[in-house]
Amino acid sequence: MAVQSPIEISNREIEHKDDIEPLEYHGYWEPIGTALLENTGLTVLITFRGKKFQPYIMGGILNNNEKYIFEQLHFHWADHDESGCEHTLEGIKYSMEAHVVHYNSKYDNFDIAKNKNDGLLVVAFFIQACGDKECKEFRKITAGIDRVQKVYTRTSLDPDCLSWIGLQELSKHYYTYKGSLTTAPYFESVTWIIYRTPIYVSKGQVASFRNLQSCPRDENKRIVNNYREIQKPTKQPEVIFARNIVKKSKL
Ligand SMILES: [Zn+2]
């Protein structure tokens, strides 16, 4: 049974699993094709064009042979550094949350998959503003943010613009549960994968997102606080923490 997202994740209520195969990421870091960054008025969105194949994820807690294909990546943030994420860990809030949205390859496209029980997979990364030292990998995103200040504008990014995700140890240390989209129409079709460790960027890098304009008629309106409040499901969802991974036997 899926619940509405986001939720607060508490270590007291989750099941730890050590015998999970590694989660595999394919095609996220190939310097081929174009990445596009777009100001939608609600967030900024990254999509890819002209890659040999769309990036996809498989393995880990996913069922055998299940494959989820990259659709888009977007961000949530606040008007200050002490909140902005959607999920919380033991009540801790981070400055931003990045969502990498995927759809199940058994469906033809995102639109067909989006309301199916097993339709979507969203990988979430916490981003924390910390000091003045920029995260070099994240600069591939923030360089583009400055070029899409006006609503509905777009720009191209380095096709390797997701390299900051690779700063994580991606095969383990993630939480997973069955939840929903955090924007309308809130379909309960999402398998969530949420990494425990935040990615640290500078305060200025987070602040650059707050300059994005949200309204074509009023230049002073900015995109801020585009996160959904924590949902309190009456029945707690089953949350699993994939702690360690199985070492594949060479025999
Ligand atoms: Zn989101």
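Since every read-out is calculated from the coordinates, none of them should be taken as a lab result. Given the structure is predicted, the values throughout are model-derived calculations rather than measurements. Heads up, the Cβs are rebuilt from the backbone with ideal geometry, glycines too, and the neighbour counts pull from every protein chain shown.
Quick notes
- When only the Cβ of Lys, Arg, Asp and Glu is charged (+1, +1, -1, -1), the dipole of region 8-242 relative to its Cα centre reaches about 620 debye.
- With 29 Å as the limit on Cα-Cα distance, the pairs of K114/K136; K106/K136; K67/K93; K52/K106; K51/K150 that go past it are K114/K136; K106/K136; K67/K93.
- Restricting region 1-89 to chymotrypsin sites (Phe, Trp or Tyr not before Pro) that sit in a DSSP loop and have at most 15 other Cβ atoms within 10 Å of their own Cβ leaves W29, F53.
- Vicinal HN-Hα couplings computed from phi for region 158-174 (Karplus, 6.51 cos²θ - 1.76 cosθ + 1.60; Hz; Gly/Pro x): 3, x, 9, 6, 9, 4, 5, 5, x, 6, 7, 7, 7, 7, 8, 6, 10
- Alpha-carbon spread of region 8-242, three principal axes, descending order, Å: 48, 41, 35
- For region 84-175, a simple Cβ point-charge model (Lys and Arg +1, Asp and Glu -1, everything else neutral) yields a dipole of about 200 debye relative to the Cα centre.
- Think of the chain as having a plus end and a minus end, set by charges on the Cβ of Lys, Arg, Asp and Glu; of N225, G84, I32, I32 sits farthest toward the positive end of this dipole.
- The chain, relative contact order in percent, only Cα pairs under 8 angstrom and at least six apart counted: 29
- Within the chain, the longest run free of GluC sites (Glu not before Pro) that sit in a DSSP loop with at most 13 other Cβ atoms within 10 Å is 1-81.
- Region 88-160: chymotrypsin sites (Phe, Trp or Tyr not before Pro) falling in loop per DSSP and having at most 16 other Cβ within 10 Å: Y107, Y152
- Per DSSP, loop trypsin sites (Lys or Arg not before Pro) in region 212-244 with at most 11 further Cβ within 10 Å: R217, K235
- Distance (nanometres) between label positions extended 7 Å along Cα→Cβ at N11 and K116: 3.7
- Part-to-part distance (alpha-carbon centres) for region 62-84 and region 2-40, which is given in Å: 6
- Top of C130, C85, C161 by mean-square fluctuation, Gaussian network on the chain, Cα under 10 Å: C130
- Förster-model FRET efficiency, 30 Å R0, C215 and E82, C-beta, rounded to 0.05: 0.70
- Since only T142, I7, L170 are under comparison, the one whose Cα sits farthest along the positive direction of the charge dipole of the chain, derived from C-beta charges on Lys, Arg, Asp and Glu, is T142.
- For region 150-220, the alpha-carbon coordinates run over 43, 31, 24 Å along the three principal axes, in decreasing order.
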